[in-house]
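The values are calculated or read from the model by the stated rules, or taken from the named source; none is laboratory data. Quantities reported herein were computed from a predicted structural model and do not represent experimental measurements. Positions of Cβ are backbone-derived with ideal geometry, glycine not excepted, and every protein chain shown enters the neighbour counts.
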Amino acid sequence: MTERGAEHDGTGRVDLSFTVDEAQRTVRVPPGVTVFDAASWNGIAIDSTCGGHGTCHKCKVRVEGSTPITRHDVKTFTREQLDAGWRLACLVNATRDLAVDVPPLTTRPKAATVGVGRQVILRPAIQKRYVELDEATLADQRTDLARLLEAIDDLEPVPDLHVLRRLPTVLRRADFKVTAVVVDEALVDVEPGDTTRTAYGIAFDLGTTTVVATLLDVSTGTPVAVASMLNRQQPFGGDVITRISATMLDPDALGRLRTAACETLAVLAEQVCTEGGVDPAHVYEVALAGNATMTALALGIDPEPLGVAPFVMSTAQPPDLLAADLGLALHPRARVTLFPALGAYVGGDIVAGMLATGMDRDKRTRLFIDVGTNCEIVVSDGDRILSTAAPAGPAFEGGAIRCGMRAADGAVEVVKLGEGVELGVIGDVEPKGLCGSGLVDAVAELVKVGLLDASGRYVADDVAKEIAPSLADRLTYLGQERVFVLHRPTPDAEPEDCVVLSQRDVRELQFAKAAISTGWTLLLEELGLEHRDVQQVLLAGSFGSYLSAASAVRIGLVPKLPVLRIVAAGNVAGEGAKMALLSVRERAGARALLEEVTYVELSDRADFNDLFVDQLSFGG
């Protein structure tokens, strides 16, 4: 082994070179992270049963170079071993580049594949320990609590009042054979008998439009049930701005919005427990990822400062709370952990997405885009990570589009133009309207065949007949506005009864795509990069999963790259929430992102407007 560096290189990261079974792997982490955490975040298994708290003395590694010796190291290793660099990985802080030898596992941890192809070493905050205790006697009058805690020698839990109230009765009714339930450092319950196989958590993606819940068996990392529904806050508006405005106009709206959010979460929690056949009392933890406004509303925090300049959050890291505080009928002491936020418009859902996609752990230049009314953008060059938010507007969700609708039965989601028009319709029913992916497809196809010019204007009738004679008759007028007919319910149907794409619709999409492409262009420029330097584009969220990569490239929504570099990442916010349930190390990684990611405010950029105008074009 060789020591690879002195202090870290000023990029905000240090490199750790792990050697495992003669294979070497280098990872980059924030300075100060423990070697154990660095390994866990990157799927490198190091022995441990205490989850990195320094109490099991199993996470033995050999570190090249001088590192501090702790009292736990002294208890674990001989003087010769200490001199040779043996240390407990959870107690070595990586303040500089290091080379680390990892011995073979003796306690092989289980792992789960989560996120975009990432493996997570299972180290959940929920820990269960079955113990068989000696009954009290006159010769042994230790308290019930002391007797229990001494039997759990690999954890140091702190009991709460709920446990103390249950402990005397449960111990004696169960013949002193009980299971201790620990979440983080809290002893939350004592259950009769051996219940170590029943440990569950719920991961929530609290979206503005849709809320998704996943019930997980945290002991195996297995999803048990998944459910989703529209956020019950919908009557207050379809985006965060209208909901913030509602609280500003009506002093009672905040309470009603909080109730609506909590009711949504409660319905989904009940649904996944029912579908999974799981007793809600065996759900001990919840992880919740939501944007800054959704999180504030769920907690009953006034969101007004998020909606007006200078756009200030009440806190970047919401405190943990009890599930009961959100109206969830789970275990009485079930905990809720909430993702931190980078800014008013780059919230916990994006932090969860970055965690799931490993934006901080990949040396490639990657672009992460969560397309929506508020589009969040993250760029990493392998050393620095920048983020921003672009006001895309409601076009991608069907808003402000003449025949726009959400992605539901009857929505056109795919458009292909050739000799005729080929439509893909959700539910395989009669087309009723156009959803976001269909809108992007329609515009991209019209640009490809030449019926839309580079400026986004429909070409003249004579030009249309020359370049696309089989489609030219679909260009017509609806009132004074030029439209392209995508679907006629009957051959002689009037334009107002058809599914059409209007000139105004094209403009709405132009403005949305220009805002987004301006955002990622400015971030790339900030890093000294060009479009061709991007090695992977991740399209996040449900919209990103259905968006055609070729269409996105053609209209300039993403850099002009080979489509194989563009990946539909799916619901990465929900994946990040699952990871937080399955691993306390991943949870710590999410918090570390607050220090690693630099937020760029687009409205402060003097060159934003000029670049925005340049990005309106469909040409180039």
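Might you let me know whether region 570-580 holds any residue that is surrounded by fewer than 21 Cβ atoms within 10 Å (Cβ to Cβ) and in contact with a strand residue (DSSP E or B) (Cβ under 9 Å, 6 or more places away or on another chain)? Yes.
Tell me, yes or no, whether region 281-304 has at least one residue that is among the hydroxyl-bearing types (Ser, Thr, Tyr), surrounded by fewer than 24 Cβ atoms within 10 Å (Cβ to Cβ) and either free of Cβ contacts under 8 Å to residues at least 60 places away in the same chain or assigned to a helix (DSSP H, G or I) (or both).
Keep residues of region 281-304 that are among the hydroxyl-bearing types (Ser, Thr, Tyr), which gives 284, 293, 295.
After this cut, where a residue has to be surrounded by fewer than 24 Cβ atoms within 10 Å (Cβ to Cβ) as well, the list is none.
Checked region 281-304: no residue is among the hydroxyl-bearing types (Ser, Thr, Tyr), surrounded by fewer than 24 Cβ atoms within 10 Å (Cβ to Cβ) and either free of Cβ contacts under 8 Å to residues at least 60 places away in the same chain or assigned to a helix (DSSP H, G or I) (or both).
Selection of region 209-252 for residues being in a strand (DSSP E or B), out of contact with any Ser or Thr (no Cβ under 9 Å at 6 or more places or on another chain) and not aliphatic (A, V, I, L, M) yields Thr214, Thr222.
Counting the residues of region 429-473 that are in a helix (DSSP H, G or I), more than 24 Å from Asp614 (Cβ to Cβ), among the hydrophobic types (A, V, I, L, M, F, W, C) and touching a strand residue (DSSP E or B) at 6+ places or on another chain (Cβ under 6 Å) gives 2.
Let's see how each residue does on (1) within 30 Å of Glu285 (Cα to Cα); (2) of a type in the set (Gly, Ala, Ser); (3) touching a His at 6+ places or on another chain (Cβ under 8 Å):
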site: Gly348; (1), (2), (3): yes, yes, no
site: Val371; (1), (2), (3): yes, no, no
site: Pro391; (1), (2), (3): no, no, no
site: Ala400; (1), (2), (3): no, yes, no
site: Met405; (1), (2), (3): no, no, no
site: Val414; (1), (2), (3): no, no, no
site: Val421; (1), (2), (3): no, no, yes
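Across region 589-601, a minimum of one residue is classified as charged (D, E, K, R), more than 30 Å from Phe36 (Cβ to Cβ), outside the structural domain of Thr220 (by TED's automatic domain parsing) and surrounded by fewer than 19 Cβ atoms within 10 Å (Cβ to Cβ). Residues satisfying the criterion are present in region 325-332 (criterion: at positive phi, more than 15 Å from the chain's Cα centre (by Cα) and not assigned by TED's automatic domain parsing to the domain that holds Leu561).
Taking region 13-85 and the helices (runs of 4 or more DSSP H) fully enclosed by it, the elements with 1 or more residues that are over 25 Å from Lys363 (Cα atoms) and at pLDDT 75 or above are at 71-76, 79-83. Scanning region 192-208 turns up at least one residue that is more than 30 Å from Asn571 (Cα to Cα), modelled with pLDDT of 95 or more, not in a loop (DSSP other than H, G, I, E, B) and not small (Gly, Ala, Ser). Within region 510-534, the residues that satisfy the criterion of being of a type in the set (A, V, I, L, M, F, W, C) and more than 25 Å from the chain's Cα centre (by Cα) are Phe511, Leu529. Considering region 346-365, the residues that are assigned to a loop (DSSP other than H, G, I, E, B) and either among the small types (Gly, Ala, Ser) or over 14 Å from the mean Cα position of the chain (by Cα) (or both) include one that is surrounded by the most Cβ atoms within 10 Å (Cβ to Cβ), namely Gly347. Has region 114-129 got at least one residue that is surrounded by 18 or more Cβ atoms within 10 Å (Cβ to Cβ), over 33 Å from the mean Cα position of the chain (by Cα) and outside the structural domain of Ala573 (by TED's automatic domain parsing)? No, that holds for no residue.
Yes/no per residue for (1) among the acidic types (Asp, Glu); (2) within 30 Å of Phe311 (Cβ to Cβ):
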| residue | (1), (2) |
| --- | --- |
| Phe396 | no, yes |
| Ala400 | no, yes |
| Cys403 | no, no |
| Cys435 | no, yes |
| Ala442 | no, no |
| Gly450 | no, no |
| Asp453 | yes, no |
| Val459 | no, no |
| Leu471 | no, no |
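Please tell me if Ala136 is aliphatic (A, V, I, L, M) and either at pLDDT below 90 or farther than 22 Å from Ala199 by Cβ (or both). Outline the logic, then answer.
Numbers: aliphatic (A, V, I, L, M): yes; either at pLDDT below 90 or farther than 22 Å from Ala199 by Cβ (or both): yes.
Spelling it out, Ala136 is indeed aliphatic (A, V, I, L, M) and either at pLDDT below 90 or farther than 22 Å from Ala199 by Cβ (or both).
For region 236-261, the tally of residues that are surrounded by fewer than 20 Cβ atoms within 10 Å (Cβ to Cβ), of a type in the set (Val, Ile, Thr) and modelled with pLDDT of 95 or more stands at 1. Looking only at residues in region 322-333 that are more than 16 Å from Met294 (Cα to Cα) and touching a strand residue (DSSP E or B) at 6+ places or on another chain (Cβ under 7 Å), the one that is surrounded by the fewest Cβ atoms within 10 Å (Cβ to Cβ) is Leu322. Cβ-Cβ contacts under 8 Å between residues 6 or more apart (or on different chains), taken from a first residue in region 238-251 that is at positive phi to a second residue that is assigned to a helix (DSSP H, G or I) and among the small types (Gly, Ala, Ser), are absent.
With respect to Leu265, is the statement that it is in a helix (DSSP H, G or I), of a type in the set (A, V, I, L, M) and buried (at least 21 other Cβ atoms within 10 Å of the Cβ) true? Quick ask: steps written out before the conclusion?
On the way: in a helix (DSSP H, G or I): yes; of a type in the set (A, V, I, L, M): yes; buried (at least 21 other Cβ atoms within 10 Å of the Cβ): yes.
Yes: the conditions hold for Leu265.
Among the residues of region 148-176, just one is charged (D, E, K, R), part of a helix (DSSP H, G or I) and either touching a residue at least 24 places away in the same chain (Cβ under 8 Å) or within 22 Å of Val218 (Cα to Cα) (or both), namely Arg166. Every residue in region 314-332 that is assigned to a loop (DSSP other than H, G, I, E, B) and either without any contact (Cβ under 8 Å) to a residue 12 or more places away in the chain or over 20 Å from Ala260 (Cα atoms) (or both), please. Selection gives Ser314, Thr315, Ala316, Gln317, Pro319, Asp320, His331, Pro332.
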